[in-house]
Each structure stands twice: as C-alpha cells, then as structure tokens.
1. Looking only at the stretch 319-335, how many residues end up being part of a loop (DSSP other than H, G, I, E, B) and within 16 Å of Leu357 (Cα to Cα)?
2. Looking only at the stretch 190-210, which residues are part of a strand (DSSP E or B) and open to solvent by less than 50 Å² (accessible area, probe 1.4 Å)?
3. Would you point out the residue of the stretch 237-251, among those that are part of a loop (DSSP other than H, G, I, E, B) and surrounded by fewer than 18 Cβ atoms within 10 Å (Cβ to Cβ), that is nearest to the chain's Cα centre (by Cα)?
4. Would you pick out the residues in the stretch 257-275 that are surrounded by fewer than 16 Cβ atoms within 10 Å (Cβ to Cβ) and of a type outside the set (Val, Ile, Thr)?
5. For the structure I just gave you, tell me whether Ser97 is among the small types (Gly, Ala, Ser), touching an Asp or Glu at 6+ places or on another chain (Cβ under 9 Å), surrounded by fewer than 17 Cβ atoms within 10 Å (Cβ to Cβ) and modelled with pLDDT under 80.
6. Do you know which residues across the stretch 121-141 are over 23 Å from Asp200 (Cα atoms), open to solvent by 50 Å² or more (accessible area, probe 1.4 Å) and part of a strand (DSSP E or B)?
7. Can you tell me how many residues in the stretch 282-318 are within 23 Å of the chain's Cα centre (by Cα) and either assigned to a loop (DSSP other than H, G, I, E, B) or β-branched (Val, Ile, Thr) (or both)?
8. All but one of (1) within 27 Å of Thr166 (Cα to Cα); (2) surrounded by 15 or more Cβ atoms within 10 Å (Cβ to Cβ) hold for Ser213; state the number of the condition that does not hold.
Amino acid sequence: MKKSTLALAFVALMPFASANAYEYHQSQSGYSSAPIVRTNTYKKASTSRRTGGYNNVITNNFYYGQPQAYADAPMASGNYYNASKKQTKTVQKSYTSQTRKYFLAHPFFQPLQGHFGSVTDLSYARNSFKFDILGGSVLGIDKNVPAEYNKILDIGVAAISGKAETSQFAVKEDISFGLTDTLALIGMVQYDKTKTKFKDWSGGEPGDSKSDSGFNLFGIGLQNRFVDNDEWIVMGEAYFQHQKDVANTLMGGVKAGYKINRTTVYGLARIAYTNLTDGDIYGAYVDDSTGDWLMLSYKTDVKDLFQIEGGLGAFMVLNKYFTLNGEMIYGHYDWHNQLNIKGAIGWQPGDMFALNLYASAALYDSAKGKTREFMNYDVNPDISSYGYSSSVVYTTGDYKIKDYNEWKIGIQGILYF
C-alpha cells in the first residue's frame with residue numbers, strides 16, 4: 001500500500017485565477033480581477049458647472065472625477081475613474097476627456113493583447129483538527145522472526161486523543177499574457193514550505209513533525225473573457241497543475257458578473273479532477289529518522305479525486321485608490337464539504353501596480369464527526385511484555401475527527417505592463 005501526503009486544504013482548488021486583476025479606468029482570490037477591453041460604447045458623466053466646483057460620482061462601475069478640457073478618448077468597459085468635462089457653448093459642441101486606471105484587484109482581470117499581468121502572492125495557511133483514536137489491530141511484520149509472529153497480534157490499542165496541524169508558507173507567481181484582447185495565457189509556479197505536526201497527545205507522549213519545502217507546484221492555463229459590456233462580464237477558465245511527487249490536476253471554471261453602480265456582483269463555479277501520481281492514500285503524514293511513521297488518512301484505495309465548488313462574490317470601488325472584495329464559497333472537496341468566506345482590500349496608487357490584502361476562513365466543515373482510518377508503522381516497538389518478539393509492527397484502525405479549522409492570510413503584489 002503506497003501513500004501520498006496530500007494536504008487538500010492547500011491543494012484542492014487553490015485560487016487558480018490568482019493571476020487575475022481587472023481594470024479600473026482612471027483615471028483577484030485565493031486570489032483575482034476583471035479585464036481590460038476597448039469598446040466604442042460607454043457612458044458619460046452628466047456633469048454641470050456649479051458655483052464651488054464639481055462633484056465626483058461612481059455610477060455603473062465607473063468613477064467620474066473632476067473635469068478636464070481635452071478631446072474625446074475611448075475607454076474600456078469595467079470599473080474606472082473618469083475625469084471628464086462638458087462645456088456647452090450656445091449650440092452643440094462638447095469636449096470630454098477620460099484617463100484610464102486599471103483596478104488590478106478586480107476578479108475578472110486579464111491583460112489586453114500583447115500586454116502582461118503579474119501576481120506575486122505571499123500567503124500563510126493553516127488547518128488543524130483534534131481527533132480520538134478509537135481502536136485498531138496490530139500486525140507483526142518482522143521478516144526475521146518465525147511466521148507465527150507475522151499475524152494479527154493480540155494487543156489492544158489504547159484509546160488516546162491528539163491534534164493534527166498542517167501549516168504552509170507559500171510564494172506563488174502567476175504571469176498572464178494577452179494573446180488577444182479577450183484570451184490570455186497563464187503560467188504559474190509556487191515555492192512552499194509545509195509542516196505537519198501531531199501533538200497534544202492525551203497520554204503525554206512527545207509530538208512529532210515533518211517539514212517539506214521546494215518548488216512544488218507548476219501550472220499553465222487559459223482565460224477567456226467572452227462577455228464584457230456596460231452591464232455584464234463573463235469569463236471562462238481552464239488550467240492544468242502538477243504538484244511535484246503527488247498529483248496532477250485539471251481544473252475548469254466560469255465567473256459571471258453584473259455591474260451595479262460602483263459594485264460588480266458575481267457568481268462562480270469550478271470543478272477539478274485530480275489523479276494521484278504516487279500512491280493510493282492521502283492524508284496527514286509524519287515520519288522520523290528511525291523509520292517510524294503515522295498517517296491519519298482522509299481517503300484510502302483511491303487514485304482519482306473530484307472537487308466542485310460554487311459561490312457568490314462582490315467587488316466594490318470605494319474611490320480611485322481603494323477597493324473591497326468579498327466571496328462566500330461552498331465546495332465538495334472529495335472527502336468533505338466546506339463553507340468558506342473570504343475578504344480583501346485593495347490599494348492602487350498608480351496605473352500599473354496594486355497591493356491586495358486578503359484573508360479567508362472556514363465557517364463550516366463536514367469533516368467534524370467523520371471517522372477515518374489511521375496507519376502506524378513502528379520499528380522496535382516495546383511489546384516484550386505481551387510475549388512477542390517482532391521488531392516491526394504495523395497498526396491500523398479508526399480515528400474520529402472532533403473538529404476541523406482552516407484559515408489563510410496573504411498579500412498580492414499585482415503588476416500590469
């Protein structure tokens with residue numbers, strides 16, 4: 001039986017549109033943003049001169065700022081700051097100017113043809129759960145002792161409890177390139193350091209931990225923004241990701257947004273298929289230098305995993321520098337279901353750079369109360385008092401998850417050039 005250490009809390013449907021960013025005319029989660037497209041149709045601010053100056057307004061995802069006296073310039077649909085001036089001389093002449101600024105943290109971004117988008121995502125994530133060992137059976141597997149010891153040993157497994165904790169620091173880089181104004185190619189790579197601990201044993205035993213680090217995730221994909229007008233924006237996505245020594249994943253998704261004043265309200269749906277490349281078990285796993293190991297499996301005798309999620313979100317323009325984004329997502333992640341909430345605040349001082357600070361947490365997870373299988377490989381066990389002499393034993397049984405917690409924080413540096 002082969003095993004894979006696969007922390008689905010970090011792998012399952014990882015914000016696979018984190019190369020997203022979107023435009024805000026001046027002028028993405030997790031993990032995302034919206035696109036830049038030129039169009040000949042746009043709305044103008046209806047401003048009139050008053051004593052004391054002009055008022056800035058945000059209407060239908062457009063930011064209308066202080067007027068300036070320039071000639072007309074086309075602008076793309078989406079969220080933007082519009083500096084416009086309308087002067088009426090006796091008859092019909094009017095002049096308008098618009099300056100573009102792209103909201104790079106918008107959930108529907110992709111670059112125009114020949115342009116690049118970059119999202120550098122630094123994040124820290126943790127999941128943990130308390131568990132009870134319910135019991136199990138012990139098998140002597142020492143090849144150097146008589147065959148009668150290579151059987152189920154009459155040794156009881158003590159009922160004990162503990163806590164499993166997995167944490168990950170990750171740096172993920174997504175680069176997108178506009179093949180056309182509506183189709184973008186995306187490449188991604190991730191460096192991460194993941195640590196798994198088993199601790200807080202009820203019997204007072206010392207805890208164990210295992211760390212792994214390196215460039216462990218690589219991917220490529222396409223984004224197609226096939227609708228973008230004054231009211232609607234719709235994007236389709238498809239990706240392939242390879243997790244080193246663990247799994248290959250195919251993912252697809254669609255997002256559809258409706259623009260209301262300064263807010264884009266959107267829905268999303270994603271589906272993923274994962275093939276385990278090194279084993280037929282996945283879960284939380286720790287080994288040590290002596291050869292001992294313990295695994296709390298999430299699922300056994302499996303090669304293929306299916307995950308699906310859907311949710312709602314909203315992106316709001318506060319002013320020409322700050323934005324807010326919120327999402328609530330419910331997903332089926334192969335062995336458990338989860339309701340997750342995410343919030344982000346973006347700051348964009350200029351046209352080509354933005355920072356996006358985000359956090360997410362699980363509000364509900366069906367893992368609580370589930371009974372799963374554990375495996376323990378013990379070299380040189382202390383079983384002499386039982387009348388056995390096997391130097392290697394393999395224990396398997398059931399454990400019950402008492403609770404399950406998961407959260408993530410991160411910051412994205414977004415460039416458009």
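1. First pass over the stretch 319-335, keeping only residues part of a loop (DSSP other than H, G, I, E, B): 319-321, 334-335.
Filter again for within 16 Å of Leu357 (Cα to Cα), leaving 321.
The qualifying residues number 1.
2. So in the stretch 190-210, the residues part of a strand (DSSP E or B) come out as 190-199, 208-210.
Correct list: Gln190, Asp192, Thr194, Thr196, Phe198.
3. Of all residues in the stretch 237-251, those part of a loop (DSSP other than H, G, I, E, B) come to 244-246.
Filter once more, so that each one left must be surrounded by fewer than 18 Cβ atoms within 10 Å (Cβ to Cβ): 244-245.
On the way: Lys244: 18, Asp245: 20 Å.
Residue satisfying both the conditions and the ranking: Lys244.
4. Let us first name the residues in the stretch 257-275 that are surrounded by fewer than 16 Cβ atoms within 10 Å (Cβ to Cβ), namely 258, 260-261, 265, 267, 269, 273, 275.
Within the stretch 257-275, Tyr258, Asn261, Gly267, Ala269, Tyr273, Asn275 meet the criteria.
5. Values: among the small types (Gly, Ala, Ser): yes; touching an Asp or Glu at 6+ places or on another chain (Cβ under 9 Å): yes; surrounded by fewer than 17 Cβ atoms within 10 Å (Cβ to Cβ): yes; modelled with pLDDT under 80: yes.
So Ser97 fits the description; yes.
6. Passing the criteria: Leu122, Leu139.
7. Of all residues in the stretch 282-318, those within 23 Å of the chain's Cα centre (by Cα) come to 282-285, 297-299, 303-317.
Now drop any that are not either assigned to a loop (DSSP other than H, G, I, E, B) or β-branched (Val, Ile, Thr) (or both), which leaves 303, 308, 317.
Number of matching residues: 3.
8. Of (1) within 27 Å of Thr166 (Cα to Cα); (2) surrounded by 15 or more Cβ atoms within 10 Å (Cβ to Cβ), only one is false for Ser213: (2).
The values are calculated or read from the model by the stated rules, or taken from the named source; none is laboratory data. Because the structure is a prediction, the values reported are computed rather than measured. Don't worry about glycine lacking a Cβ; one is built from the backbone with ideal geometry, like all the others, and counts go over all protein chains shown. Just so you know, the surface numbers come from the protein's heavy atoms only, side chains and all, with ligands and any DNA or RNA stripped out. Shrake-Rupley method; radii C 1.70, N 1.55, O 1.52, S 1.80 Å.
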